[in-house]
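Let me begin by presenting the structure, written as structure tokens, before commenting on it.
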Amino acid sequence: MKPFVESSEQNKIPIYAVLNEFFHDIKTVLEIGSGTGQHAVYFAEQFPHLTWIASDLAQYHAGISMWLQDAGLANTQGPLLLDVDQTEWLVQQTGAVFSANTVHIMGWPSVEKMFAGIGRVLNRDGVFCLYGPFNYNGDFTSQSNAQFDVWLKQRDPESGVRDFEALQKLAKAAGLQLIDDVEMPANNRLLVWQKE
């Protein structure tokens, strides 16, 4: 049976509305942390002009493959093995990177390596779109995000809702400039950076 996450079903349309502003001239999108594969299939359907490259750790590949195979879309690739901690990624160049609900479930050193890797593979003027919950000025934006952070840290002390300002520093170091910060449903945001 294909894996299914309700939140991916709920957030795909609001995310698409934002991505649609930035993906008109994009030819390839690398998705980091494709998870179940639901987003890969939905967004590839919405953007038939581009190639959507699904990637994740090996343990998620079977589920992603089920989604991709069932959809049978000509403009999907993968799943590729991508561990952000590795210095060499299988994708060397891409017009855009998309990642949803990833930086709060990995340790901070991995977040640092992820941003550095995106800086390496993203084409000039390419965009990086990151979806999830974020803190601002060290504060939670909602009580539910504060409770989510407690749950994350109980599961893995290295994880947690990330501070926007800390991510912004990583982005700048990777040659990325913030071009949008969009409020999303359920106390999430969609951050968009562009490669300088």
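Values quoted throughout were computed directly from the atomic coordinates according to the rules given, and no laboratory measurement underlies them. Computed from a predicted structure; not experimentally measured. Cβ atoms come from the backbone with ideal geometry, glycine included; neighbour counts cover every protein chain shown.
When you check LYS113 against the structure, is it among the charged types (D, E, K, R), under 27 Å from LYS153 (Cα atoms) and over 12 Å from the mean Cα position of the chain (by Cα), yes or no? Spell out how you get there, then give the answer.
Values: among the charged types (D, E, K, R): yes; under 27 Å from LYS153 (Cα atoms): yes; over 12 Å from the mean Cα position of the chain (by Cα): yes.
Yes, satisfied.
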Worksheet item: So how many residues does the stretch 40-62 have that are touching a strand residue (DSSP E or B) at 6+ places or on another chain (Cβ under 9 Å) and surrounded by 16 or more Cβ atoms within 10 Å (Cβ to Cβ)?
Response: 14
Discussion item. Being in contact (Cβ under 8 Å) with a residue 60 or more places away in the chain and in contact with a Pro (Cβ under 7 Å, 6 or more places away or on another chain) is true for just one of PRO14, PRO3. Which residue is that?
Written reply: PRO14
Discussion item. Can you list residue pairs whose Cβ atoms sit under 8 Å apart, with the first residue in the stretch 96-110 being among the polar types (S, T, N, Q) and the second being crowded, with 17+ Cβ neighbours inside 10 Å and assigned to a loop (DSSP other than H, G, I, E, B)? Count only pairs 6 or more apart in sequence or on different chains.
Written reply: SER99/GLY33; ASN101/GLY33; ASN101/GLY35; THR102/GLY33; SER110/VAL84
Fill in: Extreme residue, surrounded by the most Cβ atoms within 10 Å (Cβ to Cβ), among residues of the stretch 123-147 that are within 22 Å of ASN11 (Cα to Cα) and free of Cβ contacts under 8 Å to residues at least 24 places away in the same chain
PHE140
Discussion item. With the requirement that a residue be surrounded by 15 or more Cβ atoms within 10 Å (Cβ to Cβ) and part of a helix (DSSP H, G or I), what does the stretch 1-39 give you?
Written reply: SER8, ASN11, LYS12, PRO14, ILE15, TYR16, VAL18, LEU19, PHE22, GLN38, HIS39
